[in-house]
Amino acid sequence: MGRTAGRSPQDTRRALLDAAADAVRTRGIHASLDDIARFAGVSKGGLIYHFASKDELILELARDQLAAFHASIDAALDPSDTAPGRLTRAYIRAAVAPDDDADVRESLALITQLMTLPAVAELARADAEQLDAALAADGLPTDVLALVVAAADGMSTAPLWGASTQKPARQRLVERLLHLTRHPHLWDTITQ
């Protein structure tokens with residue numbers, strides 16, 4: 001298969017990243033370059049033109065997933081919110097966005113597969129350190145920050161275990177976490 005007529009190099013790269021995600025979800029981290037090229041509708045040579053190796057493709061896929069999460073945090077920032085905890089509130093909204101449960105499970109399955117590779121795990125660790133530093137500088141007390149981030153992280157992975165993202169109790173918890181970031185002094189009333 002040659003290059004699809006009319007598809008730009010950027011579109012082809014996007015198609016290859018999407019195909020790599022589909023192939024890894026379907027066949028596991030050991031999906032071949034042939035599998036990925038077939039999923040993308042390009043030749044293996046076309047794939048190698050854009051990504052010299054499978055390792056390069058997988059690392060770029062991991063970067064793409066991290067960038068998408070950061071973009072969702074940026075999109076969740078409230079421009080009118082200038083109070084301490086602004087970034088943390090956006091993080092909560094992005095982490096527990098009420099997506100389709102199947103989409104959440106697919107995304108988590110992909111990330112889990114990618115994280116089995118040491119280079120991806122190191123990339124994710126470095127990214128997490130940067131995000132942790134940004135959240136730490138967001139102006140919330142350490143204990144409040146730790147609680148709301150841990151709760152958001154737990155809620156974001158719950159669909160992997162069969163929990164639904166559509167329950168009213170989940171939305172109430174999100175609202176309470178957001179409320180705690182606006183009124184962190186409430187933490188002191190329950191820890192005394």
- Can you pull the one-decimal nm distance between simple spin-label points at Ala126 and Asp81, each 7 Å off the Cα toward Cβ? 2.9 nm
- Message: Averaging the inverse of every distinct alpha carbon separation and then flipping it gives the Kirkwood radius. What is it for the range 9-166, in angstrom units?
- Response: 17.0 Å
- Query: How much of the accessible area of the range 72-115, in percent, comes from carbon and sulfur atoms when a 1.4 Å probe is used?
  - Reply: 54 percent
- Surface accessible to a 1.4 Å probe, Asp22 within the full protein complex, Å²: 60 Å²
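Using the Kirkwood radius over C-alpha pairs as Rh, can you work out the diffusion coefficient of the range 77-192 via Stokes-Einstein at 25 °C, viscosity 0.890 mPa s, in µm² per second?
Numbers: Rh = 15.4 Å.
Here the translational diffusion coefficient equals 160 µm²/s.
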- Query: Heavy-atom accessible area per residue, the chain, 1.4 Å probe: how many Å²?
  - Reply: 55 Å²
- Query: So what is the calculated 222 nm ellipticity per residue for the chain, using -39500 (n - 2.57) for each DSSP H run with n of 4 or more, over all residues, to the nearest 500 deg cm²/dmol?
  - Reply: -23000 deg cm²/dmol
- Gap in Å between the Cα centre of the range 119-192 and the Cα centre of the range 1-77? 30 Å
- Note on the structure: At q = 0.12, 0.15, 0.18, 0.20 Å⁻¹, the log10 of I(q)/I(0) for the range 1-97 from a Debye sum over equal Cα scatterers comes to -0.50, -0.66, -0.79, -0.88
- Counting only protein heavy atoms and leaving out ligands, DNA and RNA, the solvent-accessible surface of Leu87 at a 1.4 Å probe, in Å² to the nearest 10, equals 40 Å²
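Rounded to the nearest 0.05, what FRET efficiency do Arg172 and Ala71 have when you use their Cβ-Cβ distance and R0 = 35 Å? The partial results should precede the final answer.
Working: r = 27 Å, r/R0 = 0.77.
According to the calculation, E is roughly 0.85.
The values are calculated or read from the model by the stated rules, or taken from the named source; none is laboratory data. The structure presented is a predicted model; accordingly, all values stated were derived computationally and were not measured. Cβ sites come from the backbone with ideal geometry, for glycine too, and all protein chains shown count toward neighbours. All accessible areas refer to the heavy atoms of the entire protein, side chains included, with ligands and DNA or RNA removed. Shrake-Rupley method; radii C 1.70, N 1.55, O 1.52, S 1.80 Å.
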